[in-house]
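Worksheet for the structure shown next.
All of the numbers you see were taken from the coordinates with simple rules; none came from a lab. These numbers come from a predicted model, not from an experiment. Cβ: placed from backbone, ideal geometry, glycine included. Neighbour counts: every protein chain shown.
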């Protein structure tokens with residue numbers, strides 16, 4: 001099978017910056033999407049009474065996110081056209097760095113082996129739309145630090161970041177599609 005990474009588009013950034021809303025709009029437009037591992041892991045761990053949660057065992061949480069992201073990356077190969085990822089494997093390395101934890105070799109190897117399109121879209125910290133919820137317990141300061149961690153992390157893995165505008169979700173979607181068409 002030919003390398004499909006040129007079709008795998010990551011949208012990253014801090015929590016509460018509009019990533020998931022953008023992903024949902026792209027899905028509604030007919031594009032394949034891969035949901036954020038962190039939220040899925042939190043829901044699964046809460047339902048099972050597990051401790052692989054960012055407020056309980058951050059290293060375990062990262063391991064579970066990696067397993068989820070590896071499955072998503074493999075499943076994306078069967079999807080036609082662009083596949084939009086709500087975060088990518090390098091996000092896990094950024095998260096661990098943000099927490100002051102070492103990045104295990106398994107995460108570095110996975111980030112090198114499971115590639116995405118070179119251009120990664122990053123949503124900047126946007127205090128006007130930031131909201132906390134049951135799964136997003138970070139405060140605005142941590143959301144901003146998370147964004148900064150992603151700015152530092154993705155280039156280390158060979159990606160080029162392109163910042164999304166602080167604009168409506170429709171304008172953001174158009175921005176993404178324009179840039180993907182221009183890079184074709």
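Cα centroids of segment 61-122 and segment 138-184: 15 Å apart. Each Cα pair under 8 Å and six or more residues apart adds its separation to the average, and for the chain the resulting relative contact order is 34 percent. For the chain, adding -39500 (n - 2.57) for each run of n ≥ 4 DSSP H residues and dividing by the number of residues yields -16000 deg cm²/dmol at 222 nm.
Among 92, 11, sorting on how many other beta-carbon atoms sit within 10 Å of each Cβ, with the fewest leading, yields 11, 92.
Pairs of Cα atoms in the chain fall into 5 Å distance bins, from 0 up to the last occupied one, in shares of 1, 8, 17, 22, 23, 16, 9, 3, 0, 0 percent. Exposure proxy for 144, 19, 77: other Cβ atoms within 10 Å of each Cβ, ordered fewest to most, give 77, 144, 19. Extending 7 Å from the Cα toward the beta-carbon at both residue 184 and residue 156 defines two label points whose distance is 3.5 nm. If you bin all the Cα-Cα distances of segment 11-113 at 10 Å, starting from zero, the percentages per bin are 15, 45, 34, 6.
Assuming R0 = 22 Å, what is the FRET efficiency of residue 177 and residue 145, from their Cβ-Cβ distance, to the nearest 0.05?
Details: r = 30 Å, r/R0 = 1.36.
FRET efficiency, residue 177 to residue 145: 0.15.
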